[in-house]
Amino acid sequence: MVPETSFQRYLLTLRILFSLILCAAIAYYVDKSIHWQVMWDTSIMHYVNFLMAHGLAPYRDIIDINLPGSYFMEGLAMHIFGGGDLGWRLYDYTLLLILIASLIVIAWPYDWFAGLFAGTFFLLIHASNGPLDAGQREQLMITLIVAAYALLFTSMRFRKPLLLLPFGVLLGIAASL
């Protein structure tokens with residue numbers, strides 16, 4: 001066993017310090033954005049899902065040019081988190097948490113901190129757009145793709161071919177958005 005040098009302890013201390021700063025940035029984002037309202041495309045997709053629940057069919061009765069996966073995933077999110085403002089914020093936070101966790105899984109063999117940094121950096125860029133882009137389909141798509149690749153890399157690292165099934169499903173859903 002190699003003894004730990006003072007430089008390695010210094011790097012570990014820095015990594016922990018920067019991780020705490022990144023977690024503080026995430027907490028600050030949650031605190032400042034919890035009150036954001038549903039707006040922009042999200043309100044339209046909520047209305048389309050409302051119309052679909054009341055018997056109207058997209059592309060025939062509802063004139064909207066989104067792909068079927070958009071309606072499915074928005075409806076699923078509304079059933080899980082609710083259609084209100086707070087529910088949509090929780091959906092947005094869940095997507096960001098899945099994205100950060102997936103990036104950490106991808107970067108794990110080399111340096112988990114890189115995944116945390118990349119995920120937090122994405123979160124801060126996402127937050128800079130304000131409530132207009134909260135919970136958008138693009139965010140869902142990138143989360144599905146990154147989570148799929150995290151499953152792919154995990155499958156290859158641990159030689160678990162069964163994890164390739166959810167990889168394909170997640171990429172298929174992302175393609176249908």
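Scan region 50-91 for residues that are in contact with a Lys or Arg (Cβ under 8 Å, 6 or more places away or on another chain) and part of a loop (DSSP other than H, G, I, E, B) and jot them down.
Asn66
Looking only at region 157-170, which residues are closer than 22 Å to Pro109 by Cβ and either of a type in the set (S, T, N, Q) or assigned to a helix (DSSP H, G or I) (or both)?
Arg157, Phe158, Pro161, Leu162, Leu163, Leu164, Pro166, Phe167, Leu170, listed by residue number.
Show the residue pairs that are 6+ apart or on different chains and have beta-carbon atoms under 7 Å apart, the first residue being within region 6-26 and among the hydroxyl-bearing types (Ser, Thr, Tyr), the second being surrounded by 11 or more Cβ atoms within 10 Å (Cβ to Cβ).
Going by the 7 Å Cβ cut-off, the qualifying pairs are Ser19/Phe113; Ser19/Leu116.
Can you pull out every residue in region 126-148 that is in a helix (DSSP H, G or I), surrounded by fewer than 17 Cβ atoms within 10 Å (Cβ to Cβ) and more than 13 Å from the chain's Cα centre (by Cα)?
Scanning region 126-148 gives Ser128, Gly130, Leu132.
Which pairs do you get when a residue that is more than 14 Å from Ala147 (Cα to Cα), found in region 116-127, comes within reach of a residue that is among the aromatic types (Phe, Trp, Tyr), reach meaning Cβ atoms under 7 angstrom, with the pair 6+ apart or on two chains?
Note: pairs meeting the criteria are Leu123/Tyr29; Ala127/Tyr29.
If Thr42 meets every condition in (1) more than 21 Å from Ile125 (Cβ to Cβ); (2) under 17 Å from the mean Cα position of the chain (by Cα) apart from one, which number is that one?
(1)
Among what's in region 63-107 and is farther than 18 Å from Ile145 by Cβ and of a type in the set (A, V, I, L, M, F, W, C), pick the residue that is nearest to the chain's Cα centre (by Cα).
The residue in question is Leu90.
Give the number of residues within region 104-125 that are open to solvent by 70 Å² or more (accessible area, probe 1.4 Å), modelled with pLDDT under 90 and assigned to a helix (DSSP H, G or I).
3
The values are calculated or read from the model by the stated rules, or taken from the named source; none is laboratory data. Keep in mind that what you see is a predicted model, and the values were worked out from it rather than measured. Ideal geometry is used to build each Cβ from the backbone, glycine not excepted, and the neighbour counts take in all protein chains shown. Please note that ligands, DNA and RNA were not included when accessible areas were found on the heavy atoms of the full protein model with its side chains. Shrake-Rupley method; radii C 1.70, N 1.55, O 1.52, S 1.80 Å.
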